[in-house]
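Beneath this line is the structure, given in structure tokens, with notes to follow.
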Amino acid sequence: MQFINNLLLDMEIDPRLVEDLSIIIKILLIGLICIAANFISKKIVIRIITRVVTNSKVKWGKIILDRQVFRKLSHIVPAIIIYSFSSTFPTYQSTIEKLAIAYIIIVGLVFIQSLLNVCNDIYQTFDISKVKPIKGYIQVINIIIMTVGIILVISNLIGKSPLILLSGIGALSAVLMLVFKDSLLGLVAGIQLTSNDMVRVGDWIEMPKYGADGDVIDISLNTVMVQNFDKTITMIPSYALISDSFINWRGMQSSGGRRIKRSLYIDTSSIAFCTEEMIEKFVKVDYLSDFIIQKEREITEYNAKNQIDRNNPVNGRALTNIGVFRAYISNYLKNLDGINQNMTLMVRQLAHNEHGLPIEIYAFTNSVQWAVYETVQSDIFDHLFAVAPEFGLRVFQNPSGADLRNMAEESSNKKALIGEKSY
């Protein structure tokens, strides 16, 4: 740009001002060129590329545009122009070149980061991404590239070889391990989680220690993001899934059935042998008729064979209301549409405790959806609570305030009656 100096001298301007004016004019001219180049690259070139990508049948074109890959790359144009004109200012040429190169490296790092994000976004369009996510590996590559880029920027600014800085990293390894402790632990955990297929995006996991109970929505280098059922988000360190225990409900979801394991507590004072009237009543119940007929035949044959005296109900074999009730529940579940008949179905007694005799239902629903599961389970126990008195059984519950008040009133009434009779 020597012609600017010559032009100013031809205009008969004071030679002492020519140098300063020429520097200002050169800076303004280079600035205008940079602004024009930036305008052309962003407003014209990128628009053309955007239109071409949009109109083309490239499957992942929208992902590339959303990540603004080309727009970030366009920032390199002004830096190249400034680097090219650095010789215009001999005194500051070295400094300008170093700053321009540093800026170009930084733009290159941002561009590479966008490309890595594009690769991850494209990978997530495939179903395998839920089984084997690569976001953690992308983040590791990103850290490595950023580290190398920072070393290149520093070496460029101080005018030393990058190898000198790399050799010094060995001495800083302990510091680096401390700084990147979570990332290193996350990388190891991510490899184990992926290789062992311990957790996937979309899995329902439960980890009470971290207050997590919901679906995995993201697996990254350092954290696993869980959206709880109340729509809150819990962030779990990746290595915690290796060091601590957690529940993954994927097996239940893929099995096609969700387990019901719940007990009905029966007041033991209501358990008794079945009377003739009760047996006649039970025979008319659809789910019990065949069972009662078969059991009565077996019991009669056994007692006759062993010459049992049935005048005393303790002797021989006899039906009990709790046994008939268990048989009713079993047949009821076998005929219920919401129960998966191909999976375990069992009605059993558990050990008696202070709350009565537990009758546990162990079965699986046909659906794994939470709302459907709860509806089926509620319908079953609604029915059982209502039908238990038909078998002469009482469902146990601790006395409530109303029960105690009624007992007190009955006691008062009895005392009043006794007092009246005494007169």
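The values are calculated or read from the model by the stated rules, or taken from the named source; none is laboratory data. Small disclaimer: the values here were computed from a predicted structure and weren't measured. Cβ atoms come from the backbone with ideal geometry, glycine included; neighbour counts cover every protein chain shown. For the accessible areas, the whole protein counts, side chains as well, though only heavy atoms, and no ligand, DNA or RNA atoms are used. Shrake-Rupley method; radii C 1.70, N 1.55, O 1.52, S 1.80 Å.
Here is how the numbers come out for the structure above:
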{"quantity": "Thr223 being open to solvent by 20 Å² or more (accessible area, probe 1.4 Å), modelled with pLDDT of 80 or more, touching a strand residue (DSSP E or B) at 6+ places or on another chain (Cβ under 7 Å) and more than 30 Å from Ile359 (Cβ to Cβ)", "calculated": "yes"}
{"quantity": "Subset tally (residues that are open to solvent by less than 50 Å² (accessible area, probe 1.4 Å), closer than 16 Å to Val224 by Cα and either in contact with a strand residue (DSSP E or B) (Cβ under 8 Å, 6 or more places away or on another chain) or not hydrophobic (A, V, I, L, M, F, W, C) (or both)) for segment 123-142", "calculated": "3"}
{"quantity": "Any hit, segment 259-274, residues being open to solvent by 40 Å² or more (accessible area, probe 1.4 Å), in a helix (DSSP H, G or I) and over 30 Å from Gln192 (Cβ atoms)", "calculated": "yes"}
{"quantity": "Positions within segment 49-66 being open to solvent by less than 100 Å² (accessible area, probe 1.4 Å) and either outside any helix (DSSP H, G or I) or over 22 Å from Asn117 (Cα atoms) (or both), in sequence order", "calculated": "Ser56, Val58, Trp60"}
{"quantity": "Positions within segment 88-98 being open to solvent by 100 Å² or more (accessible area, probe 1.4 Å) and either touching a Phe, Trp or Tyr at 6+ places or on another chain (Cβ under 9 Å) or aromatic (Phe, Trp, Tyr) (or both), in sequence order", "calculated": "Tyr92"}
{"quantity": "Any chance Tyr302 is outside any helix (DSSP H, G or I) and aromatic (Phe, Trp, Tyr)", "calculated": "no"}
{"quantity": "Subset of segment 322-338 [within 35 Å of the chain's Cα centre (by Cα) and buried (at least 20 other Cβ atoms within 10 Å of the Cβ)]", "calculated": "Leu333"}
{"quantity": "Whichever residue in segment 226-241 is buried (at least 16 other Cβ atoms within 10 Å of the Cβ) and β-branched (Val, Ile, Thr) and, among such residues, is farthest from Ile339 (Cα to Cα)", "calculated": "Ile236"}
{"quantity": "So Gln307, is it at pLDDT 90 or above, in a loop (DSSP other than H, G, I, E, B) and more than 26 Å from Gln397 (Cβ to Cβ)", "calculated": "no"}
{"quantity": "Matching residues, segment 330-374, being closer than 12 Å to Arg258 by Cβ and in a helix (DSSP H, G or I)", "calculated": "Trp370, Ala371, Val372, Tyr373, Glu374"}
{"quantity": "Any hit, segment 373-385, residues being more than 30 Å from Gly214 (Cα to Cα), in contact (Cβ under 8 Å) with a residue 60 or more places away in the chain and open to solvent by 20 Å² or more (accessible area, probe 1.4 Å)", "calculated": "yes"}
{"quantity": "Unique match (being touching a residue at least 12 places away in the same chain (Cβ under 8 Å) and open to solvent by 40 Å² or more (accessible area, probe 1.4 Å)) among Gln349, Gln307, Gln369, Gln341", "calculated": "Gln349"}
{"quantity": "Test: residue in segment 298-316 that is touching a Lys or Arg at 6+ places or on another chain (Cβ under 9 Å) and either of a type in the set (Gly, Ala, Ser) or under 19 Å from Tyr362 (Cβ atoms) (or both)", "calculated": "yes"}
{"quantity": "Of all residues making up segment 352-366, the number that are without any contact (Cβ under 8 Å) to a residue 60 or more places away in the chain and either open to solvent by 80 Å² or more (accessible area, probe 1.4 Å) or of a type in the set (Gly, Ala, Ser) (or both)", "calculated": "1"}
{"quantity": "Members of segment 180-219 found to be of a type in the set (Gly, Ala, Ser) and either closer than 15 Å to Tyr239 by Cα or assigned to a strand (DSSP E or B) (or both), listed by number", "calculated": "Ser183, Gly186, Ala189, Gly190, Ser195, Ala212, Gly214"}
{"quantity": "Pick from segment 242-258, criterion polar (S, T, N, Q) and part of a helix (DSSP H, G or I), ranking: surrounded by the most Cβ atoms within 10 Å (Cβ to Cβ)", "calculated": "Gln253"}
